[in-house]
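Here is the structure we will look at.
Quick note: the coordinates plus some simple rules give every number you see, no bench work behind them. Keep in mind the model is a prediction, meaning the values are calculated, not measured. With ideal geometry, Cβ positions are generated from the backbone for all residues, glycine too; neighbour counts draw on all protein chains shown.
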């Protein structure tokens, strides 16, 4: 009779471990490495864009500077209290 409670405890522990492993396969309760890698890749692309923006602005390279923007981008500036927009 003494073995019966200990067997139940081991079986319960086994079920908990199996359930935990299944949740890990589903991405629940574990670190999502793919999302972290995706975030780091996007972060690096943003930093590269900021760097290219700075270099083309400082180098007064208008063609390279304008190539950093999308085709449908609009630039708005204020000069002497007047709003000016350029497409």
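Between residue 75 and residue 38, the modelled labels are 3.3 nm apart [label points 7 Å from Cα along Cα→Cβ]. Our estimate of slack between residue 82 and residue 53, defined as 0.36 nm per intervening residue step minus the Cα-Cα distance, is 7.9 nm.
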